[in-house]
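Chemist: One structure, pasted below without further comment.
The values are calculated or read from the model by the stated rules, or taken from the named source; none is laboratory data. The model shown is predicted, which means the values in this text are computed figures rather than measured ones. Positions of Cβ are backbone-derived with ideal geometry, glycine not excepted, and every protein chain shown enters the neighbour counts. Accessible surface areas use protein heavy atoms only, side chains included; no ligands, DNA or RNA. Shrake-Rupley method; radii C 1.70, N 1.55, O 1.52, S 1.80 Å.
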Amino acid sequence: MTRKHAVAPAIAILLAYSQVWAQGESVRFEAVGDAIPRALTSEPGNAARGRSIVVNRDGGACTLCHAVPGEKNFGNIAPTLAGVGARLSPAQLRLRVADSTRVNPDTPMPAYYRTEGLNQVAAAFRGKPLLSAQQVEDVVAWLATLKEAQ
Amino acid sequence: MRRARARLALAAAALAAGVVLAQERAIPPGELKSGSVFLGSDLRALQNDDFANPGMLWVERGERLWSELAGKKTLACASCHKDTSMRGVAASYPKIDKASGKLVNLEDRINLCRTGRMDAEPLRYESEELLALTAYVARQSLGLPIATRIDGAARAHFEAGRAAYHLRRGQMNLSCAHCHDAQWGKRLLSETISQGHPNAYPAYRMEWQTIGSLQRRIRACLSGIRAEMLPYGSPEYLDLELYLAWRAQGLPIETPGVRR
């Protein structure tokens with residue numbers, strides 16, 4: 001077998017792998033109106049995990065801007081999350097977490113589940129959403145429990 | 001009489017241009033607030049005390065360097081700038097360098113003197129020497145309002161700077177304007193967002209535990225929103241510096257500022 005022939009199968013295998021990898025990384029959702037009716041994952045969101053993502057600096061770091069029930073330190077840039085589960089449906093919450101610019105193009109809120117159409121993303125974060133699909137579902141599950149406006 | 005009328009027409013045109021520019025400003029001149037306004041009283045006091053302000057160490061070092069001979073021509077800055085004060089110079093930067101037609105900031109101007117007049121090596125961005133000289137020159141404009149020009153060849157740089165300022169970027173998808181025009185005065189967790197003005201730079205930042213340039217500060221914001229950082233001295237940073245100077249026009253220079 002010549003060298004040329006050895007390279008072709010190697011490329012084919014690489015291509016196959018890169019497609020699998022690309023599928024694993026693909027960040028997609030279907031918005032209907034101001035909502036994403038369909039969950040991003042088959043595993044239901046876990047509200048307890050969602051809460052820790054919301055308040056954690058390594059997670060969503062939502063307290064930088066939003067008041068969050070049960071948290072003492074928070075920013076005042078964005079509306080309180082208290083009662084957000086009564087104001088919005090889970091499907092509406094899902095779109096606002098995934099890509100808030102779909103609701104308000106001028107919002108300062110980062111799009112947590114989006115990799116396309118961004119400019120000058122640092123190499124280490126390129127092609128990666130801020131939160132994984134499961135993390136978005138977890139956050140939505142917890143936000144949906146916040147029914148009381150304090 | 002004719003001359004007076006021509007002058008009047010010119011003044012009217014300038015006024016009209018001024019009105020147009022004023023309308024473009026997200027923060028009107030009356031509402032401009034230096035970053036020191038958003039500091040705690042302890043840091044503000046530190047900045048205002050010349051003996052305690054840590055940035056003054058670099059100003060003093062810059063003063064020594066000003067008279068130090070360098071380069072193949074064994075010249076010092078002071079060899080040419082003998083009796084002339086540098087007061088007011090920093091307030092006009094960034095500006096177009098007449099010789100090259102390029103937009104330069106104060107750091108670039110110092111290096112242009114070194115390479116062009118002294119036949120010396122340029123100083124590296126963020127080197128102690130360049131920070132010291134820049135701080136020393138800028139300090140001499142203490143209290144003077146920023147007065148950068150954006151006409152002529154500077155106009156295209158100004159427009160590019162404005163575009164850069166308003167470009168959403170990074171994984172966080174934020175532009176400078178999203179925080180520093182629309183949210184200043186509000187709290188990001190426990191930190192109050194400033195208007196993002198350049199009038200205190202080079203400034204001593206507690207987070208750095210040293211003095212740093214305006215470009216280093218811009219890069220810190222970019223890193224925070226997980227955006228690409230360009231090399232120091234990149235044209236986009238210079239354009240942005242010009243836009244920042246324009247939107248801060250009228251604010252007094254505070255170099256060396258003290259910041260969080």
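Chemist: Can you pull the one-decimal nm distance between simple spin-label points at A:LYS147 and B:GLU24, each 7 Å off the Cα toward Cβ?
Modeler: About 5.4 nm, to one decimal.
Chemist: Peptide B:169-180: average number of partner chain Cβ atoms within 10 Å per residue? List each step's numbers first, then the result.
Modeler: Details: counts 5, 7, 16, 10, 15, 4, 3, 0, 2, 5, 2, 0.
Other-chain Cβ atoms within 10 Å of each residue's Cβ, averaged: 6.
Chemist: What full-extension length gain, to one decimal in nm, is calculated for A:ARG38 and A:ASN56 as 0.36 nm per residue of separation minus the Cα-Cα distance?
Modeler: Working: separation 18, 0.36 × 18 = 6.48 nm, distance 2.60 nm.
Gain on stretching A:ARG38 to A:ASN56: 3.9 nm.
Chemist: What is the sum of charges, Lys and Arg at +1 and Asp and Glu at -1, for the other residues whose Cβ falls under 10 Å from the Cβ of A:GLY83?
Modeler: Values: positive: A:ARG87, A:LYS147; negative: A:GLU148.
Spelling it out: positives minus negatives among the neighbours equals +1.
Chemist: What are the ³J(HN,Hα) couplings of region A:140-150, residue after residue, when phi is run through the Karplus curve with 6.51, -1.76, 1.60 and θ = phi - 60°? Round to Hz, x for glycine and proline.
Modeler: For region A:140-150, the Karplus-derived couplings read 4, 4, 6, 4, 5, 7, 7, 8, 8, 7, 7 Hz, x marking Gly and Pro.
Chemist: Can you give the average number of partner chain beta-carbon atoms within 10 Å of each beta-carbon in peptide A:122-130, as a whole number?
Modeler: Values: counts 10, 1, 2, 6, 3, 1, 2, 1, 4.
Other-chain Cβ atoms within 10 Å of each residue's Cβ, averaged: 3.
Chemist: What's the carbon and sulfur percent of the protein assembly as shown's accessible surface, probe 1.4 angstrom, rounded to a whole number? Walk me through the numbers on the way to the answer.
Modeler: Working: 12330 of 21810 Å².
The nonpolar share, carbon plus sulfur, comes to 57 percent.
Chemist: OK, next. Among bridges DSSP assigns within the protein assembly as shown, what percent are antiparallel (round to 5)? Mind dumping the intermediate values first?
Modeler: Numbers: 12 of 16 bridges.
Antiparallel bridges make up about 75 percent of those DSSP assigns within the protein assembly as shown.
Chemist: Calculate the FRET efficiency for B:THR115 and A:ALA124 from the Cβ-Cβ distance with a Förster distance of 30 Å, rounded to the nearest 0.05.
Modeler: Numbers: r = 35 Å, r/R0 = 1.18.
That gives a FRET efficiency of 0.30.
Chemist: Which of the DSSP-defined H helices in chain B satisfy a minimum axial length of 20 Å, computed from C-alpha atoms, and a minimum mean Kyte-Doolittle hydropathy of 0.5?
Modeler: On the way: long enough: B:2-24 (33 Å, 0.70).
What comes out of the filter, once short or polar helices are dropped, is B:2-24.
Chemist: A further question on this structure: Ignoring ligands, DNA and RNA, how do B:GLU254, A:GLU116 rank by accessible area with a 1.4 Å probe, largest first? Mind dumping the intermediate values first?
Modeler: Numbers: B:GLU254 30, A:GLU116 135 Å².
The most accessible residue leads, giving A:GLU116, B:GLU254.
Chemist: Still on this structure: Evaluate the charge dipole of chain B about its Cα centre and quote only its size in Debye, nearest 20, assuming +1 on the Cβ of each Lys and Arg and -1 on the Cβ of each Asp and Glu.
Modeler: Details: 36 positive and 27 negative charges, 176 e Å.
In debye, rounded to 20, chain B gives about 840.
Chemist: While we're here: Arrange the peptides B:81-87, A:35-41 so that the one whose residues have, on average, the most other Cβ atoms within 10 Å appears first.
Modeler: Details: B:81-87: 10.3, A:35-41: 17.7.
The packing order, highest mean first, is A:35-41, B:81-87.
Chemist: Let me ask something else about it. In whole percent, what relative contact order does chain B give with Cα contacts below 8 Å and a gap of six or more residues? Spell out each step's value before the answer.
Modeler: Details: 411 pairs, mean separation 70.8, N = 260.
27 percent.
Chemist: Per DSSP helix of 4 or more residues, -39500 (n - 2.57); summed, then divided by the residues of the protein assembly as shown. What does that give at 222 nm, rounded to the nearest 500? The partial results should precede the final answer.
Modeler: Values: 15 runs with 167 residues, N = 410.
Calculated mean residue ellipticity at 222 nm is -12500 deg cm²/dmol.
Chemist: Same structure again: Need one number: nm distance between label points at B:ALA99 and A:ALA47, each 7 Å from Cα along Cα→Cβ, rounded to one decimal.
Modeler: 7.0 nm
Chemist: Search the structure for amide H atoms under 5 Å from the amide H of B:ILE253, placed 1.01 Å from N in the peptide plane, and list their residues when 5 or more places away or on another chain.
Modeler: Counting only residues 5 or more places away or on other chains, the set is B:GLY143, B:LEU144, B:ILE146.
Chemist: At a Förster distance of 22 Å, what's the computed FRET efficiency of B:ALA156 paired with B:ALA182, Cβ-Cβ distance as r, to 0.05? Intermediate results must be reported in sequence, preceding the final value.
Modeler: Numbers: r = 26 Å, r/R0 = 1.19.
Working from the Cβ atoms, E equals 0.25.
Chemist: Which one, B:GLY212, B:TRP246, A:CYS65, projects farthest toward the positive side of the charge dipole computed for the protein assembly as shown from Cβ point charges (K/R +1, D/E -1)?
Modeler: B:TRP246
Chemist: Next question. Total accessible area buried between chains B and A, 1.4 Å probe, in Å² to the nearest 100? Could the numbers behind the result be given before it?
Modeler: On the way: alone 13970 and 9960 Å², together 21810 Å².
Interface between B and A: roughly 2100 Å².
Chemist: Just checking the output field for A:115-121: average partner chain Cβ neighbours within 10 Å of each residue's Cβ?
Modeler: Average neighbour count from other chains, rounded to a whole number: 6.
Chemist: Only Cα pairs under 8 Å and at least 6 apart count here; give the relative contact order of region B:59-139 as a rounded whole percent.
Modeler: Working: 98 pairs, mean separation 34.9, N = 81.
Taking the mean separation of contacting Cα pairs over the length of region B:59-139, I get 43 percent.
Chemist: Restricting to chain B, compute how many DSSP beta bridges are antiparallel as a %, nearest 5. Present the calculation step by step, with values, prior to reporting the outcome.
Modeler: Numbers: 10 of 14 bridges.
DSSP beta bridges in chain B are roughly 70 percent antiparallel.
Chemist: Separate question: Using a simple charge model, +1 on the beta-carbon of Lys and Arg, -1 on the beta-carbon of Asp and Glu, nothing else, what dipole does the protein assembly as shown show about its Cα centre, in debye to the nearest 20? Mind dumping the intermediate values first?
Modeler: Numbers: 52 positive and 39 negative charges, 179 e Å.
Taking the Cα centre of the protein assembly as shown as origin, the dipole is about 860 debye.
Chemist: Quick one: which of A:117-128, B:28-39, B:219-230 comes out on top by average Cβ neighbours within 10 Å, and what's the full order, highest first?
Modeler: Working: A:117-128: 14.1, B:28-39: 15.6, B:219-230: 17.2.
Highest mean packing first, the order is B:219-230, B:28-39, A:117-128.
Chemist: With +1 on each Lys and Arg Cβ and -1 on each Asp and Glu Cβ, and nothing else charged, work out how big the dipole of region B:59-139 is about its Cα centre, in Debye to the nearest 20. Numbers along the way, then the final one.
Modeler: Details: 14 positive and 12 negative charges, 67 e Å.
It works out to roughly 320 debye.
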